[in-house]
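**Q** Next up is a structure, given as structure tokens.
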Amino acid sequence: MNEAVNGTRRLSILVFASGTGEGLSETVKACRMLGPAEIIVLANGLAEKAAAAVSSSGCKVHVLDPALSRNRPIVVPGGFRIFANAVLYLDAEMKLEPALLRKLVEPVLYGAAQAVFLSEDRPRQTDIYPNPERAWAVWWNRTLGRPDLRESSLYAFPFVLSGQAADLIAGDFAANPAMGMAKLIKSGLRLERRTVLMQEERGRSFRPEWFGGLPSETTRYDRLVADDHLSALEKLSLSPRGGHTDGKRRRDIVRQVLERKKLAVVQEGAKLPVSGLYGGKSLSVIIPACNEAGTIAHVVRQVRRLEPAEIIVVDNGSSDHTAPLAFENGAKTVRLAEGLGTDCGRAIGAFHAKGDILLFVDADFVMSAAELYPFALAISRGYDVALNDRNYLLEMGIDDPVISSIYALNNALGQKALGASSMTTVPFAISRRVLQRVGPECLQCPPRALSACLSHGFKPVLAGRVYLEKRNRVRPDKHIAVSGLSPAASQIVGDHIEAMLNLNEYNK
């Protein structure tokens, strides 16, 4: 595949190298087997001896300004132009077979595609926490309407771009690869991913100042990738929820209720004794419900075993006997004449709550008092947000749009350890001071509420693990998709886009 054979077709290869240059000579040897017109080594802090050895082999060596690498681990200098039909981007330590590289290069070199990305299929997820870079890519490509590209991105080498594609994203490659990927997708150019089974993690230049950290920590590089995507999301001027459903929420009516311009019908429940379980703090349990006459009594009875100061059942437009049954079992009921949509009952329940600890559960399935107690206990011991530990879902990978959305937002918040856990699912608890700071209205959109909590520095904890998959009632109108995402999944993904677009409001 050299210039003599291909006529005017030219392949350029960019190899990013740093440190001691380990693996660089093997990478260059593999590249030469592709017959490129040129191999350019971008030396980012590469040892002088390694750079000299590469230069003597006939490769071009372009030494990057050290100031650039302090801001980004992978950079292409400004004004750096490559005149080629195809450009292959590689990391020096990848050690990929020439046959695999050829499969990536040929579609672009011969005009069948303008970009080809390598997609890695592994036998199983081995990391405790998936690579945030991949999670962002899955979320980003889906947000941009290309879920088929999965984890393909300009952050993940190797990939191949046509000369046209390389020119299109030239300025963005160094400044913001997430925006570059958005430009590629929106351009209408033909983008493809090629799948290969990888038995182990492919190599990457060892840069501990960027990539090093404990498994649960958000590294400097993770932070950079998150900031890039948030910046690109804001610049793209998407709709507030990226075109996703809002779960039929009536936010206008919720605001009227919270401003006391529209009153709910409140029926006080039984007076409950003061508990000694929470170190002098009082517990309010909030249970939104809509047509849950079959389960509400059982839910309230379990909750009473927690010794709460009050149980508040928010009847969100029920047409059955949900509210009377809740009241008969000692709950305070807040009745709304019409259904206000998903999660709105949480906001209204919190508005009426008086406790120091607010515990949120659902009415459509029963959780035992033993399962719920750790969440209230965590708040009594000084935590501000107690979440259900859902990190077992990460073992399935991050292809699921809901999981990737949750994981991406947690990384954006610098809380990688929260993984797939969120305020979207119950049970969870918050402190009174959280409610006073973020306000009850924020609870309508759970990811936005979590963002507000963590952006203000409140302390989260994974308080317990309550498995919900076999308990949640399947509602065809919410959980079944004719095509694309189900209404419930669309709402959750939209919630996370809304939260990301509003992150800056908490940092003012």
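Just so you know, all these numbers are worked out from the coordinates, no wet-lab data involved. Note that the structure is predicted; figures quoted are calculated from it, not measured. Glycine also receives a Cβ, built like all others from the backbone with ideal geometry; neighbour counts cover every protein chain displayed.
**Q** Along each of its three principal axes, how wide is the spread of alpha-carbon positions in segment 97-186, in whole angstrom units, largest first?
**A** Extents along the principal axes, in whole Å: 39, 31, 23.
**Q** Something else about it: Could you tell me what % of all Cα pairs in the chain have separations over 37 Å? Please report the intermediate quantities before stating the final value.
**A** Numbers: 48539 of 128778 pairs.
Of all Cα-Cα distances in the chain, 38 percent exceed 37 Å.
**Q** Taking just the alpha-carbon atoms of segment 361-410, what radius of gyration and Dmax come out, in angstrom?
**A** Calculated on Cα positions, Rg and Dmax stand at 13.8, 36 Å.
**Q** Sticking with this one: Take Ile128 and Glu328, extend 7 Å from each Cα along the Cα→Cβ direction, and tell me the distance between the two endpoints in nm.
**A** Going from the Ile128 label point to the Glu328 one covers 4.9 nm.
**Q** What is the calculated FRET efficiency for Arg223 to Arg465, with r their C-beta to C-beta distance and R₀ = 25 Å, to the nearest 0.05?
**A** Efficiency at R0 = 25 Å is approximately 0.35.
**Q** Given R₀ = 56 Å, what would the calculated FRET efficiency be for Gln436 paired with Ser56, taking r from the Cβ atoms and rounding to 0.05?
**A** 0.25
**Q** Hey, got a sec? Which chymotrypsin sites (Phe, Trp or Tyr not before Pro) in segment 355-427 land in a DSSP loop and have at most 15 other Cβ atoms within 10 Å?
**A** Of the chymotrypsin sites (Phe, Trp or Tyr not before Pro), not one in the loops of segment 355-427 has a Cβ with at most 15 other Cβ atoms within 10 Å.
**Q** Check segment 209-367 and count each lysine pair with an alpha-carbon distance under 30 angstrom, considering only pairs eight or more places apart or from different chains.
**A** Lysine pair count for segment 209-367: 17.
**Q** Give me a comma-separated list of calculated 3J(HN,Hα) values for segment 487-499, in order, Karplus coefficients 6.51, -1.76, 1.60 applied at θ = phi - 60°, integers in Hz, x for any Gly or Pro.
**A** Once rounded to whole Hz, the list reads x, 5, 5, 4, 5, 5, 4, x, 4, 6, 5, 4, 4.
**Q** I've got another one for you. Quick one: check the C-alpha center-to-center distance for segment 151-199 versus segment 278-303, whole angstrom.
**A** Result: 50 Å between the Cα centres.
**Q** Cα convex hull of segment 207-329: how many Å³ per residue?
**A** Working: hull volume 28.0 nm³, N = 123.
Looking at segment 207-329, the number lands at 228 Å³ per residue.
**Q** Which shape class, rounded, prolate or oblate, goes with segment 466-508 when its Cα gyration tensor gives a ≥ b ≥ c as root eigenvalues, a/c under 1.5 marks rounded, and past that a/b bigger than b/c marks prolate?
**A** Judged from the Cα gyration tensor, segment 466-508 comes out oblate (a/c at least 1.5, b/c at or above a/b).
**Q** Compute the whole-percent fraction of alpha carbon pairs in segment 306-352 spaced more than 18 Å apart. Can you show the working numbers first?
**A** Details: 291 of 1081 pairs.
When every Cα pair of segment 306-352 is considered, 27 percent fall beyond 18 Å.
**Q** Label-point separation (nm) for Val474 and Glu26, each offset 7 Å from Cα along Cα-to-Cβ?
**A** 4.8
**Q** Once you have the Cα-Cα distance between Lys103 and His298, take 0.36 nm times their residue separation minus that, and quote the gain in nm to one decimal.
**A** Once the chain is fully extended between Lys103 and His298, it gains 64.2 nm.
**Q** Using the alpha-carbon atoms, what tilt in degrees (0 to 90, nearest 10) does helix 220-235 show relative to the longest principal axis of the chain?
**A** Orientation of helix 220-235: about 80 degrees from the principal axis.
**Q** Working out 0.36 nm times the residue gap between Phe211 and Val482, then minus their Cα-Cα distance, what length gain in nm do you get to one decimal?
**A** Computed gain between Phe211 and Val482 is 93.4 nm.
**Q** Compute and list, largest first, the equivalent-ellipsoid semi-axes of segment 413-502 from the alpha carbon gyration tensor, each √(5λ) rounded to a whole angstrom.
**A** One finds semi-axes of 25, 16, 12 Å for segment 413-502.
**Q** Right, here's the next one. Which FRET efficiency value, to the nearest 0.05, do you get for Asp65 and Tyr392 by plugging their Cβ-Cβ distance into 1/(1 + (r/R0)^6) with R0 = 56 Å?
**A** It comes to 0.80.
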